[in-house]
Amino acid sequence: MGREQVIRDASWIEREYGEDKWPAVLDRINSRIAAGERSLSRVISLVTRWELENPGLRAVTSVALGERIRLPASLAWHGLYALVSEAVIAASRNDTQAIIDLGCGWGRSLFEVWLRGGPREATYHALEFTRAGRDCVQVLAALEPGMRARTARFDFRAPDFASLDKPIRHAVVFTVSSLHQVPLVNLDAYRRLFTVADSIDCLHFEQFGWQMNAAGAVSADRDYALRNDYNRNLWHVLSELSTNHEIEIVDVLADLVGPQENYPMSLVHWRRS
Ligand SMILES: C[S@@+](CC[C@H](N)C(=O)[O-])C[C@H]1O[C@@H](n2cnc3c(N)ncnc32)[C@H](O)[C@@H]1O
């Protein structure tokens, strides 16, 4: 029997995340709260450990800075989320009014940014395609009244930022393993990102190192992306915008981090004022 042909369209996303993964996470969140948990930090930690299947001390081959490296699974996975939130916080400024997670899933990374000391006065926007993901965010946000959190439906294919209270002076926008779910990013749709704030720092943690043809990129990653209908043009889109001086590339770190050997995440950080 041949493999199922992956066509990563809206119904695929709805099935994988809207019906399968995020409802299970929502059940887990609700069961922790029903068991008496009231701390956002504790619920996030408990759910993350469960979702990652207790990574613990077992050795895994991971990727860091383009190198294959053996790490305890716990370090590889928890280190990844710590790295993401620290980078988002580092991109924040005194006048940052919004932290925006696009394709936020159940909100783990956005809440991590807050819990690790992200800007207190900013509004945290959890934008996500699936209802189940947004439901998780709402239940978690209710545990943390001091955090100004909002959630709204969002589709990379037709970005709509009407849910944001504008004007916003500076926003940090980020994606973690979400934009790579869009097989081909449309350049004009992507440009709508520019409307979120007067000044933007945007960080993409996505599996697109193979597109950069950078040292360390392997054809296995490319094959994996094509087989699973993951994104194949994000780097091209960003390069074109940079060449047109529509964005300023601040940092490119190909194959920066990957808790698993294949298909690691790269970081591109761009800025627009
Ligand atoms: C691998 S999960 C990552 C979730 C989250 N960023 C994290 O790191 O935990 C991919 C997420 O992208 C979302 N997604 C996929 N296609 C999308 C689209 N067209 N617009 C917005 N979100 C999308 C999915 O619903 C899912 O929540």
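The values are calculated or read from the model by the stated rules, or taken from the named source; none is laboratory data. Only a predicted model underlies this, so the values are computations on that prediction, with no experimental measurement involved. Ideal geometry is used to build each Cβ from the backbone, glycine not excepted, and the neighbour counts take in all protein chains shown.
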Query raised in the report: Out of all the residues in segment 23-34, is one or more more than 16 Å from the ligand (Cβ to nearest atom), among the hydrophobic types (A, V, I, L, M, F, W, C) and modelled with pLDDT of 95 or more?
Result: yes
Query raised in the report: In segment 82-136, what residues are of a type in the set (D, E, K, R) and without any contact (Cβ under 8 Å) to a residue 60 or more places away in the chain?
Result: 86, 116, 120, 121, 128, 134
Query raised in the report: Among the residues of segment 101-125 satisfying the criterion of being out of contact with any Phe, Trp or Tyr (no Cβ under 7 Å at 6 or more places or on another chain) and assigned to a strand (DSSP E or B), which is nearest to the ligand (Cβ to nearest atom)?
Result: 125
Query - Test: residue 255 is touching a Pro at 6+ places or on another chain (Cβ under 6 Å) and modelled with pLDDT under 95 - result: yes
Query raised in the report: Could you say whether any residue in segment 126-149 is more than 14 Å from the ligand (Cβ to nearest atom) and over 19 Å from residue 39 (Cα atoms)?
Result: no
Query raised in the report: Is it the case that residue 6 is among the β-branched types (Val, Ile, Thr), under 24 Å from residue 207 (Cβ atoms), within 14 Å of the ligand (Cβ to nearest atom) and crowded, with 17+ Cβ neighbours inside 10 Å?
Result: no
Report task. Taking residue 229 as the residue in question, decide whether it is on the phi > 0 side of the Ramachandran plot, within 16 Å of the ligand (Cβ to nearest atom) and under 19 Å from the mean Cα position of the chain (by Cα). Result -> yes
Query raised in the report: Consider residue 66 against the criteria (1) at pLDDT 95 or above; (2) surrounded by 13 or more Cβ atoms within 10 Å (Cβ to Cβ); (3) small (Gly, Ala, Ser): it satisfies all of them except one. Which criterion is unmet?
Result: (1)
Query raised in the report: Quick one: would you say residue 156 is of a type in the set (Phe, Trp, Tyr), within 16 Å of the ligand (Cβ to nearest atom), in a loop (DSSP other than H, G, I, E, B) and closer than 27 Å to residue 273 by Cβ?
Result: yes
**Report entry** Test: residue in segment 41-52 that is in contact (Cβ under 8 Å) with a residue 60 or more places away in the chain, buried (at least 16 other Cβ atoms within 10 Å of the Cβ) and part of a loop (DSSP other than H, G, I, E, B)
**Finding:** no
Query raised in the report: Looking at (1) in contact with a Phe, Trp or Tyr (Cβ under 7 Å, 6 or more places away or on another chain); (2) over 22 Å from residue 256 (Cα atoms); (3) more than 11 Å from the ligand (Cβ to nearest atom), can you tell me which one residue 203 breaks?
Result: (2)
**Report entry** Matching residues, segment 1-40, being touching a residue at least 24 places away in the same chain (Cβ under 8 Å), of a type in the set (A, V, I, L, M, F, W, C) and in a loop (DSSP other than H, G, I, E, B)
**Finding:** 6, 7
**Report entry** Members of segment 159-183 that are part of a strand (DSSP E or B) and either of a type in the set (Val, Ile, Thr) or free of Cβ contacts under 8 Å to residues at least 12 places away in the same chain (or both)
**Finding:** 172, 173, 175, 176
Query raised in the report: Restricting the search to segment 188-209, which residues are touching a residue at least 24 places away in the same chain (Cβ under 8 Å) and in a helix (DSSP H, G or I)?
Result: 189, 190, 191, 192, 193, 194, 195, 209
Query raised in the report: Looking at (1) among the charged types (D, E, K, R); (2) within 16 Å of the ligand (Cβ to nearest atom); (3) part of a strand (DSSP E or B), can you tell me which one residue 70 breaks?
Result: (2)
Query raised in the report: Residues of segment 162-182 being more than 10 Å from the ligand (Cβ to nearest atom) and either surrounded by fewer than 20 Cβ atoms within 10 Å (Cβ to Cβ) or of a type in the set (Ser, Thr, Tyr) (or both), which ones?
Result: 162, 163, 165, 166, 167, 169
Query raised in the report: Inside segment 208-230, can you point out the residues that are under 16 Å from residue 268 (Cα atoms), surrounded by 22 or more Cβ atoms within 10 Å (Cβ to Cβ) and touching a Gly at 6+ places or on another chain (Cβ under 8 Å)?
Result: 209
